[in-house]
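*Asks:* What follows is a structure written as structure tokens; I'll ask about it next.
What follows draws every value from the coordinates through simple rules; no lab data is involved. This structure is a prediction, so every number in the text was calculated from the model and none was measured. FYI the Cβ positions are ideal-geometry reconstructions off the backbone, even for glycines, and counts take in every protein chain you see.
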Amino acid sequence: MYESLLNWLIFTPCIGAVACLLLPADKARNIALGTSIITLLMTIVLALEFQIGHSGPQFVTTLQWIPAINVQYKVGLDGLSLPLIVLTSALSVLVIGAGWKIEKSPNIFMALYLLLLSGMYGVFVSLDLVLFYVFFEISLLPMYFLIGVWGGPRKEYAAIKFFLYTLAGSICLLITMLGIYNVTSSADFVAGNTWDMMALQTPAIQALFSPEGEYWNFARWAFWLTFIAFAIKIPVAPFHTWLPDAHVEAPTPISMILAGVLLKMGGYALMRITYPLFPDAASLYWECVACIAVFGILYGALCAMAQTDWKKLVAYSSVSHMGYVTLGIAVLTRTGFDGAYYQMIGHGITSAMMFFLVGVVYERAHHREINNFGGLWLAWPKYGGWSMLGFFAGMGLPGLCGFIGEVMVLLGTFQAAQRVEDPTFVYIIGSLAAFGVVLTAGYILWMFQRIYMGKTRPEYDHFEKPTGREYAIMVTLGVAALIFGIAPILVFSYTNATFNNLMSVIGLAGLTN
Amino acid sequence: MFTTLATGIKPESLDQVAPFLYLIFAGITVFSAWMIVISQNIVRMAMYLLFTLGGVAGLYFLMNAEFLAAIQLIVYAGGTLILIVFGVMLTSKNPFMRLHTYLWERFVAVGLGALLAMLTTIALVNTPIKQSASDQMVNHDIHTIGSTLLGPFLVPFEVAAVLLLVVMIGAAFMARSRA
Amino acid sequence: MTTLALFEPGLYHLVGVSIALLAAGVAVILTKRNAVGILMGVELILNAAGINFVAFNNYVWDNAMDGQMFTLFIIVLAAAEAAVALAIFLNFYNNFDTINVDQADELQG
Amino acid sequence: MLLSDPQWLPQLLADLKLVMPEVILVVTMCMVLIVPFFKKGNVVLPVFVSMFGLLMALLYTQGIHLGVMDADRTGQVFTNTLAIDPFSSFFKTMLMIFAMLIIVQWTLFGREKTHALDAPDFLCLLLGATFGMCLMASANNLIMIFIATESASIPSYALAGFRKKNRMATEGSLKYVLFGSVSSAVMIYGMSMIYGVSGSLQLSHIAGSINQMGMTPLMVVGLVGMFAGFAFKLSAVPMHFWCPDVFEGAPTEVTTFLSVASKSAAVCMLARVMQNLGTIVIDEQVLIGIALGVGALGAVTATWGNLVALHQTNLKRLLAYSSISHAGYMIMGCAVLLLVDPKLILSALLFYVLVYMFMNLGAFTIAAVFERQLGTLNISDYAGLLKKSPVLAILLIVFMLSLFGMPGLGGFMGKLFLGVGLVKAGTLGTVLLGVLLLNTLFSLWYYLRPCYFMVFATPDTQKQLPVIQPLRPALWAILAVCCIMLLWTGLLPAITSDIAQDNGRMIVSSAKRQIALESEHTSTVPKRVVFTVAQ
């Protein structure tokens, strides 16, 4: 009965987008909200029907899409995708709430947003590489227009930069896909080519990817290409420069969805494509990737510390936090993977909340200069309280959702010492990553002090108090941050079986746990 | 001449003067061709082109292609060239219009032409040209020409007819004066 | 064969003439400013190709008439092309009062 | 097929059946010319006649293709001058549909600018060019290649200058005819060298002679000359100067026709030459050498087209340069034909041509609407157009994104199929693939420029653009067809790509037999090349 529900989940937002465009503009908000609530309900049904303890994809639909080169329309839901789908659905409702006051052509805004939603669902559920690529790119285009039309003063620059960077990444992915085609349709592989992610993990194809004897075999360069493709999306430090611009210029709801879900596409894709498909290369280059990740953590944190633009600070904190995701994946331990995944969920909640908190103030103050704020708590005590919850969750305070991910990543990193001969490198990496936590606490507390503490300012009296709609969003996110800080089992019960399977594919499960 | 066209057999005497004829025709052709390059007067250029075309016709005649030589004279020298001369006369108010080209341009052009010629010559000299598969030689008489034209070359022949129709339409359209 | 002949004109002699014509044609195309002049250069190259075809047909590939036939079509084409080209030149001249191709620079890069 | 052969008449009739589409086109041309004698100054009648003729030719092509007319006699007709195979039939079908759409476009746009008495001339030239392009797709020997190219080009010269009083149009057509005649002369010179070395005009024999003699220097000269001629038709880089000028000056419907039909016909012709070489030539080195040369041509073309397009401000010129770069991609596809399973690449090329046709038709149609109604082609004047005419703006964005290769639209699938073919071709293919993808990345910049101005930029208050009047239904139909085709080929390419795949077959004349023949004759002694005049 629920078999085809996943397809409806992907395409319902598309239908909603068309409805937004065709029906009168003032109905667009209601249509979008209705659509996102419907998808949320669908997601809840999927989550309830999901068989826990089953590692493979469920609710699978397989159709021949382009038979000429054996491309399939194959979607399915497994432990890796389900929590992210739930996160997407839940955030999508809140984001529409946050964008309720958009005045400039709300119908086109909502239509593009719903199209983006389709793209995001598609990315998280597609099990065929070409299909994945198509959704990956389709999610780019609405984002370009959403930033470029509804953004801040330098919106065009930010939009084109975002587009070009991510597109460069997608092209790396495309090269890999064509390479996979080349390998799997070669003469010594009789089964014919395939783009099916599950089929590509089988030993027969793995042997083709990394033949003996050749140093730069296909798996190794494909690993780096896909890594760059997704590192741009995450973003990992050297490829991150699009992110601060995009975040600063994007309107609040778009920043929320960008930080909350779009960045997760990178981490998800690393876990879904790069690591299971090229595990040999992953274990060969793990030190290198770990170094990049730790550099990202520290660089992001230091940059955040140096910012005077509030939103830019939050944006750099995303770079730093997503560094933990990369690190957790890079160290190739079960705990690290769990931590990285949990960090994605946690960051999805906290970053959305942080951007929303910034947006609430920006809407009233029309500037984001940290040094020109102060004493906000006294002006709006209730808002101040929820802000504290949000920022401290982002900081990784124990009991809140940011903590679990970071700690597990660090534990996973130190666990990696067990499988290497000389653990010095692991200890250095681990210590530096742990130092990142200190830096995070530093910049968040310092920012918090400069904005919320101290004497209140006279101009706050002219500000409209945060409305009930805004409190509702804050409360929902804050409560989620609390719940996920206390009960990680909510996520791990879904992911456990799939991660067991993933570790056995990567071939290091026995080594570490 | 007529016997030649009809039978493809040449009078014996022609054989003996062939080298001289070759020298004369080749000389006319190449000399006039290069005079076109040098000449600054468009009418003179057209005149030299006439000599070139005539010389080429002579060379065709030497190479057992009498029909082609005749066609070259009738269609090319008699038709196309007249067209060009008309073009010259219609498009220049001054019938002895001079073309101004800089000296260095002429040097560069001649240099490039010489370079091209040299490359082609080198390629030609370094290429062993082999004999065809069969050793039977075709008669170049008018009968063979006709049956070849309507045999293996039927489609190009018909297409050329259509092409000429289209060209007629196009040229008539371009040249007629209607608003 | 004969006592009169100083040499026997052969393939290389004819192709030599053709190459000289080609070079002249290229030089004409590159130097002349007048569209009709350029067309003359084109005619020279076409004639060079024609000589090649007939020479190769006569001296090397004499089992068929392909080369001669090709030359026949070249002559037809040259006439056709010249007709259309001159009509276009005339039209250009009516609009610009010149057929100097350097004047054709309203459209740029 | 000599006249003395008693079988010549039945043979001729049988062959004639297979070239019926071309014959129908010629008959239609004549009809279009005759029609004014019955009703002078009428436009509808010639349009109707030519549409009917194209439709008949289309049906006949399909009939031949499906084997309804003559089940087992597709192949080489008229002593191998023409090859009627699925590849050429598919291309012809697309070409006829395209010509019909062009005539519709012309009837809506250009007709008022054309004198009613000139309408038959226009249609006749258009049909003549279509006829030439049909032959280009089938041409199987040098003389056919030469004469088909000319019969496609010469009407195009006249078409480009069809607006006689327009200075830009005349200038464009002058440049076109000069470049065209020079490059065709070079092509013919190259062919004469090829003939000199191989002794045949037949493509398969020429390839066979490469087998026999190796790649002689003269053959190299000949091939370079011939490809230079092709490069002109393809507007490949050293020969591309005519393209933007002609495209800007010519009437938009002619621009559309030239940018799509003449280029894709040239691609088909190049593909056939390459396919003949690839099937028959054995020497690996020679094949790689040719592929390298053609691939470099394609790579340079694509890159140059994109680089120059980056700073174009005129929509039509931008599209012209974009079409140069697309030609480059297709040339790259032709280059690797020598190295991989040709069916894969041929079907990819057919699919690409199909998609390219609709992308360009759509984009140029909108450019024509803007040119007519707004009176400007300057992209920066389109600021804020999304508000004023949202549907047209969105459609233009769709076409631009498809030209760029956005997934979900046909352009992406075309590039994907091409990429799939390229990646199978070893190192050369991989390098070309890299060029293709890098170019795709760069091209985003200029394809987004119209989108940027229409969507983001604030309109200049000084300049008041006229309001766009409602378009005619037929025009909406063209745009809708283009858009639907792009979505269809982009989202559900299975059917189209299957058709392309089924048609990606080309008959290479008696390849195996040829190779056998060559091996028998390898021992022939070189003939003395100096003879007396009379032997």
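*Asks:* If you split all Cα-Cα distances of segment A:285-513 into 10 Å bins from zero, what percentages do you get per bin, shortest first?
*Replies:* Result returned by the calculation: 8, 32, 31, 18, 8, 2, 0.
*Asks:* May I pose another question? What residue among A:Gly179, A:Ile486, A:Thr498 has its Cα farthest toward the positive end of the dipole of chain A, where the charges are +1 on Lys, Arg and -1 on Asp, Glu, each on the Cβ?
*Replies:* Of the listed residues, the answer is A:Ile486.
*Asks:* Please report, for the Cα atoms of segment C:34-101, the Rg to one decimal and the Dmax as a whole number; what are they, in angstrom?
*Replies:* Rg, Dmax (Cα atoms, Å): 15.9, 52.
*Asks:* Ignore the peptide's own chain and count Cβ atoms of other chains within 10 Å of each Cβ in B:27-38; give me the average, rounded.
*Replies:* Across B:27-38, the average partner-chain Cβ count within 10 Å equals 6.
*Asks:* Take peptide A:163-170, look around each residue's Cβ out to 10 angstrom, count Cβ atoms belonging to other protein chains, and average those counts.
*Replies:* Averaged over the peptide's residues, the number is 3.
*Asks:* Normalized C-alpha radius of gyration of segment A:184-306, against 2.2 N^0.38 Å?
*Replies:* Ratio of Rg to 2.2 N^0.38 Å for segment A:184-306: 1.28.
*Asks:* Within straight cross-link reach of A:Lys264, meaning Cα distance under 27 Å, which lysines are found once same-chain residues fewer than 8 apart are removed?
*Replies:* Output for A:Lys264: A:Lys74, A:Lys101, A:Lys155, A:Lys161, A:Lys233, A:Lys311, A:Lys312.
*Asks:* Label D:Lys463 and A:Lys382 with points 7 Å out from Cα along Cα→Cβ: what is the distance between them in nm?
*Replies:* 5.2
*Asks:* Report the full-extension gain for the segment C:Asn94 to C:Asn63: residue separation times 0.36 nm, less the Cα-Cα distance, to one decimal in nm.
*Replies:* 6.1 nm
*Asks:* Still on this structure, I have one more. Per-residue Cβ counts within 10 Å, from other chains only, averaged over B:108-118: what number is that?
*Replies:* 6
*Asks:* Treating the beta-carbon of each Lys and Arg as +1 and of each Asp and Glu as -1, no other charges, what is the dipole magnitude of chain D about its Cα centre, to the nearest 20 debye?
*Replies:* The calculated dipole for chain D is roughly 1040 debye.
*Asks:* Got the relative contact order for chain D handy, in percent, Cα pairs under 8 Å and 6 or more residues apart?
*Replies:* 15
*Asks:* Go through D:Ile394, D:Ser184, D:Leu349 and say which Cα lies farthest out towards the positive end of the charge dipole of segment D:166-520; charges sit on Cβ, +1 for Lys and Arg, -1 for Asp and Glu.
*Replies:* D:Ile394
*Asks:* Ranked from highest to lowest mean number of other Cβ atoms within 10 Å per residue, what is the order of the peptides D:6-17, B:107-118?
*Replies:* Averaged packing, sorted descending, gives the order B:107-118, D:6-17.
*Asks:* Place a +1 charge on the Cβ of each Lys and Arg in segment D:123-253 and a -1 charge on the Cβ of each Asp and Glu, then give the dipole magnitude about the Cα centre in debye, rounded to the nearest 20.
*Replies:* 220
*Asks:* Beyond 24 Å, what share of the Cα-Cα pairs of segment A:1-102 is found? Please give it as a whole percent.
*Replies:* Result for the distance tail: 34 percent.
*Asks:* When you count, for each residue, the other Cβ atoms within 10 Å and take the mean per peptide, how do A:421-427, A:153-159 rank with the highest first?
*Replies:* A:153-159, A:421-427
*Asks:* So, counting K/R as plus one and D/E as minus one, what does the shell of residues with Cβ under 13 Å around D:Leu127 add up to?
*Replies:* -2
*Asks:* Pull up the cross-link candidates among the lysines for D:Lys39, meaning alpha carbon to alpha carbon under 24 Å and not fewer than 8 places away within one chain.
*Replies:* D:Lys113
*Asks:* Identify all lysines with a Cα-Cα distance to D:Lys233 below 16 Å; exclude those on the same chain that are fewer than 8 residues away in sequence.
*Replies:* D:Lys175, D:Lys263
*Asks:* Mind listing the Cα extents of the protein assembly as shown along all three principal axes, in Å, largest one first?
*Replies:* 119, 69, 63
*Asks:* Quick one: grab the alpha carbon gyration tensor of segment D:298-378, order the square roots of its eigenvalues as a ≥ b ≥ c, and give me rounded if a/c is under 1.5, else prolate or oblate depending on whether a/b is larger than b/c.
*Replies:* oblate
*Asks:* Run the Debye formula on the Cα coordinates of segment A:433-513, all scatterers equal and no solvent, and tell me log10 I(q)/I(0) at q = 0.12 1/Å.
*Replies:* Scattering profile of segment A:433-513, log10 relative to I(0): -0.72.
*Asks:* With 10 angstrom as the radius, rank D:Met193, A:Met198 by how many other C-beta atoms surround their C-beta, starting from the fewest.
*Replies:* A:Met198, D:Met193
*Asks:* Next up: Fewest Cβ neighbours within 10 Å first, please rank B:Thr120, D:Thr170, B:Thr127, A:Thr202 accordingly.
*Replies:* Ascending number of Cβ neighbours within 10 Å: A:Thr202, B:Thr127, B:Thr120, D:Thr170.
*Asks:* Sort A:Ser4, A:Ser126, A:Ser493 by Cβ crowding within 10 Å, fewest neighbours at the top.
*Replies:* Fewest to most other Cβ atoms nearby, the residues stand as A:Ser4, A:Ser493, A:Ser126.
*Asks:* I've got another one for you. Can you give me the Cα centroid spacing of segment D:413-455 and segment A:433-456 in angstrom?
*Replies:* For segment D:413-455 versus segment A:433-456, the Cα centre distance is 45 Å.
*Asks:* What trypsin sites (Lys or Arg not before Pro) in segment A:60-105 are in a loop by DSSP, with at most 16 other Cβ atoms within 10 Å of the Cβ?
*Replies:* Within segment A:60-105, the qualifying trypsin sites (Lys or Arg not before Pro) (loop, at most 16 other Cβ atoms within 10 Å) are A:Lys101, A:Lys104.
*Asks:* Using unit Cβ charges (K, R positive; D, E negative) and no other charged atoms, how large, in debye to the nearest 20, is the dipole of the protein assembly as shown about its Cα centre?
*Replies:* That gives a dipole near 3100 debye.
*Asks:* Calculate the length of the line joining the C-alpha centroid of segment A:108-129 to that of segment A:309-370, in whole Å.
*Replies:* Distance between centres, Cα-based: 21 Å.
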